[in-house]
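Notes for the one structure printed next.
Since every read-out is calculated from the coordinates, none of them should be taken as a lab result. What you see is a predicted model; the values in this text were computed from it and never measured. Using ideal geometry, Cβ is built from the backbone for each residue, glycine included, and neighbour counts are taken over all protein chains shown.
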Amino acid sequence: MVAQRLDGKVCAAQVEEELHLRIAACKEKGITPHLAVVIVGDDPASHVYVGSKVRACERLGIKSTHIELPADSTEEKVRDVIHTLNQQNDLHGILVQSPLPSHMDEEALTDLIDPAKDVDGFHPQNLGRLVQGRLDGMLPCTPSGVMRMLAWAGIETEGKTAVILGRSRIVGMPQSLLLGSKGIDSTVTVAHSRTKDTSALCASADILIAAVGRPEMVTADWVKEGAVVVDVGINRVDDSTRDRGWRLAGDVHPDVANKASWLSPVPGGVGPMTIAMLMENTVRATEQSNAD
Ligand code: NDP
């Protein structure tokens with residue numbers, strides 16, 4: 001079997017097409033969706049992600065404000081920036097790029113973002129709504145992007161056995177809630193670094209989502225014939241055959257393509273979907289602010 005491509009670029013382009021209409025409707029009412037991205041420090045990968053987000057805003061006609069702070073900024077400084085952005089009426093979405101420097105409490109800072117502007121979906125109020133099964137609010141972008149991609153490919157989820165590798169607040173845990181939610185109806189197991197016999201568990205899954213941050217950890221023998229495999233991982237690995245000396249690798253080994261029915265590529269799979277969902281959350285935040 002050769003896996004079909006869960007093509008995040010194509011799916012994201014479709015999401016953007018729909019967003020163009022919603023953004024035009026906002027603008028007709030005199031409101032331009034506006035996203036602020038706050039980045040602290042000079043982590044190169046973070047700057048690449050922020051660049052992609054700003055470019056997506058430009059493509060869609062969403063206004064973006066890019067706030068860069070030095071790595072040695074105080075937590076209080078970031079708090080002040082968030083408070084100011086919360087108060088700004090013409091601003092609909094606030095994103096604080098992760099990771100923050102180690103001297104900062106990332107969760108405490110996320111808690112300060114106005115939940116109505118929390119386009120990352122990490123505020124306890126938004127995650128709490130997800131736990132309650134209320135899926136109409138700000139959902140975390142990566143897991144909701146995975147769900148959109150599964151729907152786009154027409155992949156059946158009801159009654160399927162799903163294994164999520166990873167239990168992080170931003171990917172694995174919300175992903176498990178989404179896949180197990182009413183209407184999606186998969187039966188979900190979450191694996192983590194203390195899980196025993198992880199490979200056998202993965203090999204039992206109809207749907208396998210890998211979000212561990214371990215390059216190519218999921219090999220073909222971990223995968224059931226015909227399973228749907230989503231690779232969330234983005235890892236930089238040394239590669240002397242490339243001019244730049246490195247390449248991007250997912251958490252899934254490329255050989256899995258010979259066993260899975262569907263596989264998302266890295267890059268070009270979950271990455272573009274994460275950005276598309278961020279744009280959608282920004283538009284939703286704009287529409288909801290206007291509805292008040
Ligand atoms: P975290 O480091 O926060 O979480 C990793 C999870 O994997 C943890 O729950 C950890 O378990 C688990 N884990 C680690 N090693 C193993 C192992 N050997 N077996 C089973 N589970 C293991 O990472 P994130 O969730 O933030 O990100 C995961 C990956 O996804 C990364 O590569 C990241 O770059 C990528 N990513 C991609 C995005 C995209 O847009 N495509 C967006 C966000 C992330 P424990 O809890 O026990 O430590």
Between K63 and D239, what's the calculated FRET efficiency when r is the beta-carbon distance and R0 is 35 Å? Round to 0.05. 0.40
I'd like the Karplus ³J(HN,Hα) series for the range 133-150: coefficients 6.51, -1.76, 1.60, θ = phi - 60°, whole numbers in Hz, and an x wherever there's a Gly or Pro. x, 8, 9, 9, x, 7, 9, x, 5, 5, x, 6, x, 4, 5, 5, 5, 5
Cα centroids of the range 238-256 and the range 11-42: how far apart, whole angstrom? 32
Quick query: amide H of I67 versus all other amide H atoms, modeled in the peptide plane; which residues come in under 5 Å with a sequence gap of 5 or more or a different chain? V37, V38, I39
Could you work out the local net charge near R247, counting Lys and Arg as +1, Asp and Glu as -1, over the other residues with Cβ closer than 9 Å to its Cβ? +1
Enumerate lysine pairs in the chain that are 8 or more residues apart or on different chains, then count those whose Cα atoms are under 22 Å apart. 16
Would you kindly derive the ³J(HN,Hα) couplings of the range 218-235 from the backbone phi angles with the Karplus curve 6.51 cos²θ - 1.76 cosθ + 1.60 (θ = phi - 60°), listing them in order in whole Hz, with x for Gly and Pro? 7, 9, 4, 6, 8, 10, 6, 3, x, 5, 8, 10, 10, 9, 8, x, 10, 10
Spelling it out for V218: with amide H atoms placed in the peptide plane at 1.01 Å from N, the residues 5 or more places away or on another chain with amide H under 5 Å from its amide H are V252, H253
Pulled fully out, how much extra length does the chain show between S199 and E75, if you take 0.36 nm times their separation in residues and subtract their Cα-Cα distance? 40.6 nm
Quick check on the range 30-116: take the gyration tensor over C-alpha atoms, sort the square-rooted eigenvalues as a ≥ b ≥ c, and tell me if it's rounded (a/c under 1.5), prolate or oblate. oblate
Whole-Å distance linking the alpha carbon centroid of the range 111-149 with that of the range 159-216 is 18
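Can you compute the FRET efficiency between D105 and D255 using 1/(1 + (r/R0)^6), with r the Cβ-Cβ distance and R0 = 45 Å? Round to the nearest 0.05.
Step by step, r from the Cβ atoms, then E = 0.65.
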Choice from V78, V252, V237 with maximal GNM fluctuation in the chain (Cα, 10 Å cutoff): V237
Scan around T161 for amide H atoms under 5 Å from its own, H built in the peptide plane at 1.01 Å from N, and keep only partners 5 or more places away or cross-chain. T187, D206, I207
Prolate/oblate/rounded call for the chain, Cα gyration tensor, a/c under 1.5 rounded: prolate
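If r is the Cβ-Cβ distance from A220 to V131 and R0 is 35 Å, what FRET efficiency results, to the nearest 0.05?
Between A220 and V131 the formula returns 0.50.
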Fraction in percent of alpha-carbon pairs per bin - 5 Å, the range 141-271: 2, 12, 22, 25, 21, 10, 5, 2, 1, 0
Add +1 for every Lys or Arg and -1 for every Asp or Glu among the other residues with Cβ under 13 Å from the Cβ of V54, and state the total. +2
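Counting Lys and Arg as +1 and Asp and Glu as -1, what is the net charge of the other residues whose Cβ lies under 13 Å from the Cβ of E280?
Net charge in that neighbourhood comes out at -2.
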